[in-house]
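Some notes on the structure that comes next.
Rule-based calculations on the coordinates, nothing more; no lab input. This structure is a prediction, so every number in the text was calculated from the model and none was measured. Backbone-built Cβ (ideal geometry, glycine too); neighbour counts: all protein chains shown.
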Amino acid sequence: MQHQSGRRGHFHGSWRPNNRSNFYRGNGPAHNYTSGQHYSPQGNRFFSGTSSRPTSSFGQQGNRFSGYTRNIKCQLCYEYEHTTQQCSQLATHHMQANANLAFNTASSTTPVTWFPNTGANHHVTPDLVSMTSSEPYLRNDHLHVGGGKGLVISNIAHSKIRSPNRMYTLSNILHVPTIKKPLLSVQKFCLENNIFFEFHSSLFYVKDIMIKEVLLSGQSRDGLYVLSELSATSLPQAFSSTCLSTSADVWHCRLGHPSPRILHLLVKNKKVSCMSTQFNFPCPACPLGKSSRLTLKTTGHQTRAPLDLIFSDVWGPSPMLSSDGFRYFVIFVDAHTKFIWFYPLTAKSDVFVIFHQFQALVERQFSLKIKSVQTDWGGEYQKLNTYLKRLVFIIV
C-alpha cells in the first residue's frame, strides 16, 4: 500500500500488535490512539470505547474510518452500532458481575502407589497419565537399574501427593515406560518437602522435620514399603472413639488426667461429649503423679528437745566442681526443730572434721548435748563411729 499525501488519515505501513507504544510502522504519518482502544479485524480498524472516531497526528479526523460502528454489538442491550458506554440503558441498568467457573468434582488423576527407595536418586514412574504435567525428554540419557541395563527415559513429569492438611511435591519424575513399579526417591522427597522417614519392621512414618509430627504413614507389602494418597487419609486421629459420649472419669483418663476445671471447660465448649456433670470424682493416680515427693510413713519416734536425734547424709560426687573446688556436701538435720546444717566437702573423708565443727556449734547454740545420730552407715562414717562410741553417743 502506498501513501497518498493528498488524502489525510490514510494508513501506510504494517500493524504490529506487540508494540504498544507505536501501533504503525511505515513511511506514512504515524497515527496515535488514546488508551482503551481496540483493533477490529473488519477493515483493519481501531476503535475506542470512549471516542467515536480515531484521531491522527494531523489533528483531524480520518475519513477512512467512518461507518465502523455498524459492526459493534452492545453487551448491555445486545444491539448493534453502539458500545456499552454509549447505550441509553446504562443509567437505569444495574449490572452484576459474573463469570464462568469450571472445576472438577473429582480428581482427574488416579492416585499413584509409590514405593519408597533409599537407593534411587530420582523419582521413576511407568505411568504418565497419573502425572499432573509432563514434557518430552530430549536428551539421550538412560536410567540404569541394578542389573546394569539402561532403560529409555521418555518424559519428565511432575506430580503431587495430596493429604487432608498438606500437599507434597514430586518434581522431575523420570517417565520410563519399561520400569515395573513407580519408585519414590527417599532422599529427594525429603529435600523437596522438609520431612524425614522413620522405618519400622512392618510400617513407616513420614514426619515433619521441625515438629516431628506424623504426616503420612504406610505399610509393608510383600517385603516393600508402600506409600499412596490413601495412606495419607488414614493417619491416626487424636481423641477418636467409636463411643461419642462417655463418663467424666473415662475422659479424665483419656485426656491425661486434667483438672476438674479443664474438663468442665471442654464439656462446656462441646469439645467432648460427657454423660455426667460431676467432675469431682476420686482419682488415685492424680495425687501420686502430681506430688513433688513420696509420703513418708510415721515411725512413732518422738523427740522432746533439740539435738535428741540428728540425721546425717553425704551427697556426691558432683560431675562438676563448684567455684570453690568442692565436689561433695554433708547435711545434718535436727529431728525436733527440722533445722538443716549444710557443709561443702572436697572429699568424703572430711566428714570426721566437719562433724566436730557441727557439734561444737550446735551444743553451744542450744546449751544441750547431742544424744543420738542416725546415718546410712556409709564408709565416710566408719571413722566417726569410733568417736561416737567413745563419747557414749547412741548410733541409730
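List of remarks:
- Spin-label pair MET210-ARG261: with each label point 7 Å from Cα along the Cα-Cβ axis, the two points sit 3.2 nm from one another.
- Taken one residue at a time, the phi angles of the range 130-140 give Karplus couplings (6.51, -1.76, 1.60, θ = phi - 60°) of 7, 7, 7, 7, 7, 8, x, 8, 8, 8, 9 Hz. Gly and Pro are set to x.
- Stretching LYS268 away from SER171 to a fully extended chain increases their span by 30.2 nm, per 0.36 nm per residue minus the current alpha-carbon distance.
- All other residues whose Cβ lies under 15 angstrom from that of CYS283 are scored, Lys and Arg at +1 and Asp and Glu at -1, for a net of +2.
- For the peptides 129-136, 306-313, 318-325, the ranking by packing is 306-313, 129-136, 318-325, with the highest mean count of neighbouring Cβ atoms within 10 Å listed first.
- Ranked by the mean number of other Cβ atoms within 10 Å of their residues, highest first, the peptides 175-184, 340-349 come out as 175-184, 340-349.
- Across the cross-link table entries LYS160/LYS188; LYS348/LYS383; LYS297/LYS338; LYS338/LYS389, which are compared at the Cα atoms, the separations over 22 Å belong to LYS338/LYS389.
- Fully extending the segment from LYS180 to LEU224, taken as 0.36 nm per residue of separation minus the present Cα-Cα distance, adds 14.5 nm.
- Taking amide H positions as modeled 1.01 Å from N, with prolines and chain starts lacking one, the residues under 5 Å from PHE329 and 5 or more places away or on another chain are TRP315, LEU345.
- Under the Karplus curve 6.51 cos²θ - 1.76 cosθ + 1.60, θ = phi - 60°, whole-Hz ³J(HN,Hα) for the range 318-325, x wherever Gly or Pro sits: 7, x, 10, 6, 6, 5, 9, x
- For LYS207, the aspartates and glutamates whose Cα falls under 16 Å of its own Cα, not counting residues fewer than eight places away in the same chain, are GLU192, GLU198, GLU229.
- The range 115-232 shape via C-alpha gyration tensor axes, a/c threshold 1.5: prolate
- Residues whose amide H comes within less than 5 Å of that of TRP114, counting only those at least five positions distant or on another chain, are LEU227, SER228 (H built at 1.01 Å from N in the peptide plane).
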